[in-house]
Amino acid sequence: MKSILKSIICAAFSCACVAGYAQAKIVVDSEGNRMLQMPAVPATLTSPQERASYVAERFWDNMDFNDSVLVADRPFMEQQFANFVFMLSLSGDSIRELSINKCLDAAAAASGRAYDTMLTLGDDYLAKPWSPSYDENLYLPFMAYAARHNDDFSVVAQSRYDDMMKNRVGSTPADFAFATREGKSQRLSDFTGHGTPVLLIFYDPSCDDCHELIRKLSSDRDISRKFSDGKLNIVAVYAGDEEQQWRADYSSINPRWTVGLAPLEMIDEDELYIIPFTPSTYLIDGAGKIVLKNVYDDRLFDALHQL
């Protein structure tokens with residue numbers, strides 16, 4: 001990331017050597033990396049967010065989406081897209097959708113291949129939870145645009161958009177009932193919105209990745225201390241129909257956690273939650289708002305350590 005940031009700053013805030021590449025304007029940094037020439041930022045823009053927003057909105061101005069060779073250059077396009085996402089992450093909310101729409105407008109006007117390339121990059125970088133750039137809120141404008149594009153992908157895009165709008169970051173999670181391993185009937189709302197953050201985990205008894213996450217959470221001293229001190233609640237729910245399998249497995253989960261069973265038809269078929277994979281995680285703050293969704297790598301642990 002340090003190298004990316006340095007390159008973007010050099011391209012955006014200084015003059016660089018420009019190499020002819022069809023109609024695109026390409027700069028070459030001190031390490032020999034090619035990247036799109038960024039616009040010069042006006043000196044009147046002084047805050048980091050203002051400057052990043054200015055660059056994000058004009059990020060693709062020097063890209064020639066008609067250049068099929070350049071569009072097909074996957075390493076080049078991936079690096080530009082990663083830089084674009086980085087600038088979007090620093091920008092104001094109002095600029096993000098505008099910048100994405102402007103990018104897709106230019107790609108779609110050039111060719112179907114250019115448009116498909118940008119959608120594919122959006123999917124790879126923003127929609128996959130294992131991507132370091134995963135961000136549903138940034139991916140939403142891509143699917144909103146694609147849903148309006150009126151092609152074979154439009155229906156799929158609309159479905160993805162609708163799925164992501166459920167329990168998105170910043171919203172209140174949908175409430176549901178579940179039976180605990182102690183035989184009690186509880187609801188998610190019994191835990192959320194009462195001042196204590198909640199980590200909700202949808203898991204499957206047969207899922208190795210689920211048990212690995214559960215093991216790592218249980219063995220993390222800082223997280224365990226927060227749990228013991230009442231600064232964090234952890235609720236692990238199996239949304240499924242294999243009750244006997246759940247009963248045979250739940251003793252392997254930290255006995256202090258709340259572990260529950262919710263009927264699959266209530267969670268999935270009623271589409272309260274979209275669970276494309278397990279483990280599926282939701283970190284909910286003390287006010288009852290989702291602050292992190294569907295990540296289970298270092299980003300989740302970093303967020304828990306910062307509570």
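No lab work stands behind these numbers, since they all come straight from the coordinates. Quick caveat: nothing in here was measured; it's all calculated off a predicted structure. With ideal geometry, Cβ positions are generated from the backbone for all residues, glycine too; neighbour counts draw on all protein chains shown.
With the alpha-carbon atoms of region 177-305 aligned to their principal axes, the span from lowest to highest coordinate is 34, 28, 27 Å, starting with the largest.
Protection proxy ranking of 90-100, 69-79, by the mean of other Cβ atoms within 10 Å over each peptide's residues and highest first, is 90-100, 69-79.
Other residues with beta-carbon under 12 Å from the beta-carbon of Met118 carry, at +1 per Lys or Arg and -1 per Asp or Glu, a net charge of -3. The 3J(HN,Hα) values that the Karplus relation (6.51, -1.76, 1.60; θ = phi - 60°) gives for region 50-60 are, in residue order, 4, 5, 5, 5, 4, 5, 4, 5, 10, 4, 9 Hz. Gly and Pro appear as x. The calculated 222 nm mean residue ellipticity attributable to helices in the chain amounts to -13000 deg cm²/dmol, summing -39500 (n - 2.57) over DSSP H runs of n ≥ 4 and dividing by all residues.
Just to confirm the filter: which chymotrypsin sites (Phe, Trp or Tyr not before Pro) across region 82-154 are DSSP coil and have at most 11 other Cβ within 10 angstrom of their Cβ? Those that pass, being in a loop and sparsely packed, are Trp130. Report note on the peptides 284-297, 40-53, 198-211: ranked by the mean count of other C-beta atoms within 10 Å, highest first, their order is 198-211, 284-297, 40-53. Qualifying GluC sites (Glu not before Pro) in region 225-307, where qualification requires a DSSP coil assignment and no more than 14 other C-beta atoms within 10 Å, comprise Glu271.
If you plug the beta carbon distance of Glu242 and Ser218 into 1/(1 + (r/R0)^6) with R0 = 22 Å, you get a FRET efficiency near 0.45. Between helix 74-90 and the chain there is an angle of about 70 degrees, using the helix long axis and the longest principal axis of the Cα atoms. In straight-distance terms, cross-link reach from Lys216 covers every one of the lysines whose alpha-carbon lies under 17 Å from its own, apart from those fewer than eight places away in the same chain; here that gives Lys226.
For region 236-295, the square roots a ≥ b ≥ c of the C-alpha gyration tensor eigenvalues yield an a/c of 1.5 or more together with a/b not exceeding b/c, which makes the shape oblate. Over all directions, the projected convex hull of the C-alpha atoms in region 2-165 averages 9.5 nm² in area. Taking a straight Cα-Cα cut-off under 29 Å and skipping sequence neighbours fewer than 8 places away in the same chain, the lysines within cross-link reach of Lys102 are Lys2, Lys6, Lys25, Lys128, Lys166, Lys293.
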